[in-house]
């Protein structure tokens, strides 16, 4: 996190491997709702 220059950042710790977080069966309930919420708050 300290290497990311932006001040608008958030650390989220989710279980699973990199493929399962994106396309696995739990991705729809873990990653994508969090991602949509984060992105929506920053979109106009």
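Against the chain, whose longest principal axis comes from its Cα atoms, helix 31-41 is set at around 30 degrees.
Take 13, 8 and order them by how many other Cβ atoms sit within 10 Å, fewest up front.
Working: 13 4, 8 8.
Exposure proxy ranking, most exposed first: 13, 8.
Between residue 13 and residue 25, the modelled labels are 2.5 nm apart [label points 7 Å from Cα along Cα→Cβ]. Estimated from helices alone, the mean residue ellipticity of the chain at 222 nm is -10500 deg cm²/dmol (sum of -39500 (n - 2.57) over DSSP H runs with n ≥ 4, per residue).
Throughout, read-outs are computed from the coordinates displayed, never taken from laboratory work. Keep in mind it's a predicted model, so treat the numbers as computed, not measured. All Cβ positions, even for glycine, are placed from backbone atoms using ideal geometry, and neighbour counts span all protein chains on display.
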